[in-house]
Each structure stands twice: as C-alpha cells, then as structure tokens.
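Structure record follows, encoded as structure tokens.
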Amino acid sequence: MAQPVSSKTYSRPYAEQPRGVLAFLTRLQGGTRFTTTDIFTYLYLIVGTFVMFAPVLWLVLSSFKSERGLVEFPPTLLPYWQQTVEVEGYDQPLELYDVTLEDGTVKRLAQVARVGIMARLIDPANPEAEPVQVNINQRQAVRYVNFSLQNYQEAIQKFPFLTYLGNSVVVTVAATVVTLLINSMAAFGLSKYQFRGRDTIFLIILSTLMVPVSVILIPAFLVINEVGWVNNLMGVIIPGAATPTGVFLLRQYMLTIPDELLESARIDGATEWRIYWQIVLPLAAPALAVLAIFSVMWRWNDFLWPLIVLSRTELFTLQVGLNAFQGDLNVQWHYILPMTVLTLLPITVVFAFLQRYITTGIATTGLK
Amino acid sequence: MTTLRETIPDSIEIPRPNPISRLLTAVLGVFDYVFEPLEKRFGFQRMAYIFLLPNMLIFGIFILLPMLLNFYYGFTAGDSILLGNRRFIGTDNIAKLLDCASIFDPSTCNQDRFWRGVGNTGLFVVTEVALIVVFGLITALALNRKIFGRGFFRSVFFYPVLLSPVVVALIWKWLLQQDGLLNAIIIGAGGTRVPFLLDGGWAQFWVIVIGAWAQMGFFTLILLAGLQSIPPDLYEAGQIDGTNPLTSFRFITLPLLMPTMFVVLVLSVIRAVQIFDHVYVLTNGGPGSATLYIVQYIYTTAFQNRNYGLAAAASLLLALVLMILTVFQLRLGRRVDAA
C-alpha cells in the first residue's frame, strides 16, 4: 500500500533536498539544519545511553577478569590476566614479571616464590641458574587482555548454576503455558457467553488488579503450606497463573472477534471447545503473544514469592540462588559476576529479537 | 474442518498454521474428548462456567481466599501459621502497630521499625516518583522528536526495565562497593572514598536512584505513547497563532498529556509503595534501618520473627493505603477524562 505523502515533503522538490549520510543525519524537524534543541536532544540521549548502559557494560567487562584483577584498585577497564609460563621442574605454571634489576636493566623473569615483600624469580629460559631476589615493587606483572571464560566455567562447576537455570526454565515455561491456557479460557468464557454473574466475576477479577503479592504474603503461604507445595516448584508456578491482567487483556481482545463467526461454526456442528481452540485462539494470537512475553518476563524475574516458597537449595530459581550467593559474608565476585551475566543474558536476547513487540505491547496495554 | 473454514467471512484472516501451532492444535484437540460429553450434558451456554473453572479455581484459592484470610491473621496472635493454633485478640495487633508516644518520632513507638519503614517508604515514594516523572518526561520528549536512531535510543532507555531486580541490585552493588568503579573515579579525581552502601544517607540515595534507573524506561514508553497520540495539526494551528516551542509545550503538550501523566503517576506510586526486591539484595534494609521499607518489614516480621499476626496487620494497613490510592486514581482519572 502506498504511504500517504505529507504536504510538507511534497511542496519541496526532491532535487533540492540534501542527500547522503550527512543530510540524513541533519534532516530534522522537517527542516534541513541542526537547531540548538536538536543538539541538546542528542546530548541528553547520548548521556542517557551512557547512564543506562555503562553499569551493565561494566558488569560484563568485569565478569571476564581474573580473581586478582577483580580486587585490584583502581580497577582496569579491560580484563587483564597474568601471563604465565611452563618451566621444567615446576608443577604449576609460573607467573611472568618484568623485573628491574639493580644495574637498571629490565628482564622478563618467572616468579617461583614470594615471601613478604621479597620475591624470588628465575629465568624461564635458563631455570637452572641462580634465582634472583627482588623487592616486589621492583617487578611489574606481565599481563595481557583476555576475555577468559574461566570464571564462567568455574562458576558453573562449583555452584549448582545449571540446577538453578533448569528450575528457572521449568518455572518460566510451565507457568507461561498454564497462564496462557487458563487465562484465555476464562477470557473466552467472559467475552463470548451470556450467563448470570458474568459481570460480577469480571469485576472481582478486575478489582484484584491492584492487589500485589506483598499484601497477601502470609495467608498465601499458609494456603501453599496446606496444599503441600512448600519447597515444590508447583507452589511457584500455579498461584501466579490466574493473572487478572492476562484475563483482562485477552477478554478485551476477544470482544473484537465477531460473534457471528462462532454462530456459524455452531451451525456447522463445531463443539464449544473446538470453537475456542480453532477459531478464537488463532484470532487472539497477537494478544496471546503480548501476554506470553510478559509472562516470561514476570516469571524469569520473580523474586519475593519464590524466596518464600523455596527454601531447599536444589529448588532455587536463578534469582533466589543469585541472592543466596551474594549474601555470603565473603562475596565471591569472580563467581557472582559471571552468574549475573548469565542470568541477564536470556532476557537480553529475547529483548533483542522481540523489542518491537515488547515496546508496542507496553505502549498499547500499559501493563508490565 | 473444511465447512468450518468456508463459513468464515473473507475479511477475517486466519493465520496459516506453522509447526508450533499445528503441534498445539494436536495437543489441544485431545481436550475435545473431555469437553464434548460435558457439552452434550449441560448445553453449550453453560460451557462458559467450564471455561472459567480452572482460572477461577486458582484465582479463588491463591488470591481471593488469602485476601480474606489476611483479616483473620491480622486479628489473631501466636507463632503458628496454622489457623487452628492461633488465638483471637481483636484489634490488638493494629493497636500495637499504632502505639506511639509521639507520631513524629518513630523511636517512641512500640513498633519503631514499622514506623521507620513507613517513613522510609514515604520518602522513597515521593523522591523516586518525582525522578521517574521528570526524567521520564524529558526522555519521552526527546524520543518523540524526529531524530536519528530513535528505535535504538528507545530500546536503550527501556532495557533496564527487563532486568530482574536481583540483577539490577548486583550490577549496582559491584559499582558502588568500597573498591568499586565509582570510588575509583572519585579518588582518581582527587576525592576521598565514599562509603556508598555503608552510610545510611548514601544508601537511601542510591536505592532511590537505582529504583528510578530500573523503572524509568517503562513509564517513558507510556508517556511516549501519550505524546504520539496528540494530533500534529494542533501544533501547526499553534504555529499560525505564533507559538514558540516553550509556549506550545506549555499550552498544547502539557494539557493533552495530563491523562497519561496521571496514569504514570498512579502506577509509579503504587509500585513504589511496594518496593522490596532490589533493596533486599542491595542493602537488606541496612545500614541499621536506613533502607527498611514496609514490605520488608512485613517479610521479616512474618518469615524471620514468625510474628504472623503483626505482619498481617501491617499488610492490612498497606492494602488500605493501596486501596485509597486506587480509588483516588479512579476518581481523579474520571475528572481528567471529563476535562
């Protein structure tokens, strides 16, 4: 379909328009030149981009640093790792240093041992020679930039990261499927049938839109306890599945599907269930997609409720597990940082692919 | 199936089945065997109840029932969560919460931590919402201009919204710690190390800033949608009447954006009142009770001190505040709509 042409563009002949990249960049406000407002706009957006992104970028950069690099102060921007060398006669690889010798020459040596402020080093090319003793301030570590995955490997091995990941995936997927199914069924019932109490039910559901989990923590926990779902992923998945937002969103959408469609299907002998899953569900796909995206976000990031329901380590979701580790007195940043990056990665990937749907979904429904 | 398709008017397009939807169709088709006998028995109009049943069951058991039970907890005492083991004490819990020698000084209260939580939450709500509204509006205005890379900038400002509160807290904890990047920059610029998370005032400051950082993008999007719904002819008409950017903002943008601003204000207040997650991870309410907020008070009172009655009474008060805010929203929203 042809795009409507605005009168402004129309009145100016094409040949007079500036061309090329620069022209594209400066094509502002319908005019052709930068105004002061444009400069401020770009300045604000660029500073804003820095404020929004820099903390995340710093986390990602730091996650590649060695354990020693992480406690370094002031910190380096890029992840540096100590250069090591294999020397015959030593089991462990030795660390390389540039040592300033007494005669002023600089030599690249491997450190064998360090006692207090003194370090003993040998020449890796000639390990049999007499070791050199120097003050530690006279040696400079040989380092290289390395986006090493060592932290990631160790974090995954030493912590039940994969268990948490598995739990999070199970909770997110199962909860989203259940949410979509039961919410769409309820929305179908509320939008396509006439029955007594329909409006009352809808009003009750609506009125709980503003009731957050924090208000009903204690009795909700009792109910979970009675059902036997404490320390059970079911206790995390099921209670949040009957979302008022989901029912509301889907009902509003299904109201726009013409009832005649359902009538003619009934005349053709379709059962109600068939009408639901073969006519209404496919037609409500856009609304279902929005709800699915939100459900994934809600469940993946959920914290307070799983924190209460799950107390056994092997059942923790990623968020609860991450919190448990960072709460240790001796914070092991070289494990926490890579795990945090791995936790934010899936959502980032989802966002990169679906950002248009997510942003328009929020703008049109006003929910999160 | 073919007859079914033929009856659908041409104007409605049924999406072409892809493998996923075909699988889904096969799975959902099985339910036919469950639902068909039910329909034969009850008639098709009553099927509505059956469609509503699963949702209403979960809704009733896990949301509605707890809402009612909360009252019971609020009026009983005992350290057992089981209903039968609790004794009725009437309004004692609420009285205990409200028991203060001076309402202006939390330390004179029986439950001084509750009142500190209330005070902190009040401060948090006012400052965080102010930050969100001011910067959200500026960002939305900037993004509403014809600029290069608009989609990119919009995504950038929205990105933190998607991060989980735990991740947000860890990102900032790493930046703000004693040997963190921010302190390195301050020392590099000739300053002295600042105990960002160990000093009460600084901790409060950062909890608020981080809250706004993580939430702003969401409200920016809503404001942007509001801005885009303002018809452009109004600005053109304004230009004929001799408006400059400032007056057109004051007399066209602002009045027409009021309903959206109102939605943003109410949503952000309701969310800010319930602040918990990122603070719990970042400061755990500390240092002292500097960042203790009302939901954390409820959480620790109930699940660490096992004083369920007191915590339930506090959640009743929180629910009351939220209800007032919601009613307030409906009232004012109607007035804004009418205007």
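Run B:G190 past the list (1) open to solvent by 40 Å² or more (accessible area, probe 1.4 Å); (2) of a type in the set (G, A, S); (3) at the interface with chain A (Cβ under 8 Å from one of its Cβ atoms) and report the number of the one that doesn't hold.
(3)
Can you confirm whether B:R145 is in the same structural domain as B:G217 (by TED's automatic domain parsing), farther than 29 Å from A:I336 by Cα and not polar (S, T, N, Q)?
For B:R145, the condition - in the same structural domain as B:G217 (by TED's automatic domain parsing), farther than 29 Å from A:I336 by Cα and not polar (S, T, N, Q) - is met.
Output the number of the condition that A:L28 fails; it satisfies all remaining conditions of (1) within 10 Å of chain B (Cβ to nearest Cβ); (2) open to solvent by less than 30 Å² (accessible area, probe 1.4 Å); (3) at pLDDT 50 or above.
Of (1) within 10 Å of chain B (Cβ to nearest Cβ); (2) open to solvent by less than 30 Å² (accessible area, probe 1.4 Å); (3) at pLDDT 50 or above, only one is false for A:L28: (3).
Being open to solvent by 30 Å² or more (accessible area, probe 1.4 Å), facing another protein chain (nearest Cβ under 7 Å) and farther than 21 Å from B:V207 by Cα is the filter here; which residues of the stretch B:139-178 pass it?
Answer for the stretch B:139-178, where residues must be open to solvent by 30 Å² or more (accessible area, probe 1.4 Å), facing another protein chain (nearest Cβ under 7 Å) and farther than 21 Å from B:V207 by Cα: B:R145, B:K146, B:F148, B:R154.
Here are the criteria: (1) facing chain A (nearest Cβ under 10 Å); (2) open to solvent by less than 20 Å² (accessible area, probe 1.4 Å). Tell me which single one B:T291 does not satisfy.
Among (1) facing chain A (nearest Cβ under 10 Å); (2) open to solvent by less than 20 Å² (accessible area, probe 1.4 Å), B:T291 violates only (1).
A:N231 - would you say it is touching a residue at least 60 places away in the same chain (Cβ under 8 Å), open to solvent by 30 Å² or more (accessible area, probe 1.4 Å), over 23 Å from the mean Cα position of the chain (by Cα) and assigned by TED's automatic domain parsing to the domain that holds A:V290?
Yes.
Return the residue satisfying two criteria in turn: it lies in the stretch B:217-235 and is of a type in the set (A, V, I, L, M) and more than 9 Å from chain A (Cβ to nearest Cβ), and of such residues it is nearest to A:F351 (Cα to Cα).
B:L223
Could you name every one of the strands (runs of 3 or more DSSP E) located completely within the stretch A:75-177 that has at least 3 residues being among the aliphatic types (A, V, I, L, M)?
In the stretch A:75-177, the matching strands (runs of 3 or more DSSP E) lie at A:94-100, A:106-115, A:118-122.
Collect the residues in the stretch B:101-119 that are part of a helix (DSSP H, G or I) and open to solvent by less than 20 Å² (accessible area, probe 1.4 Å), keeping them in residue-number order.
The answer is B:F114, B:G117.
Test A:F294 against the criterion of being within 8 Å of another protein chain (Cβ to nearest Cβ), closer than 26 Å to A:L342 by Cβ and of a type outside the set (S, T, N, Q), and give yes or no.
No, not satisfied.
Go through the residues of the stretch B:237-248 one by one and say whether even a single one is of a type outside the set (A, V, I, L, M) and closer than 23 Å to B:R154 by Cα.
yes
Quick test for you: out of A:V247, A:V211, pick the one residue that is closer than 30 Å to B:F328 by Cβ, open to solvent by 30 Å² or more (accessible area, probe 1.4 Å), assigned by TED's automatic domain parsing to the domain that holds A:Y193 and aliphatic (A, V, I, L, M).
Just a single option satisfies the conditions, and that option is A:V211.
Would you check which residues across the stretch A:49-97 are open to solvent by 80 Å² or more (accessible area, probe 1.4 Å) and among the polar types (S, T, N, Q) and list them?
Scanning the stretch A:49-97 gives a single hit, A:Q92.
The values are calculated or read from the model by the stated rules, or taken from the named source; none is laboratory data. Nothing here was measured: the structure is a model prediction, and the numbers come from that model. Positions of Cβ are generated from backbone atoms using ideal geometry, with glycine treated the same way; all protein chains shown enter the neighbour counts. Just the protein is used for accessible areas: all its heavy atoms, side chains included, with ligands, DNA and RNA removed. Shrake-Rupley method; radii C 1.70, N 1.55, O 1.52, S 1.80 Å.
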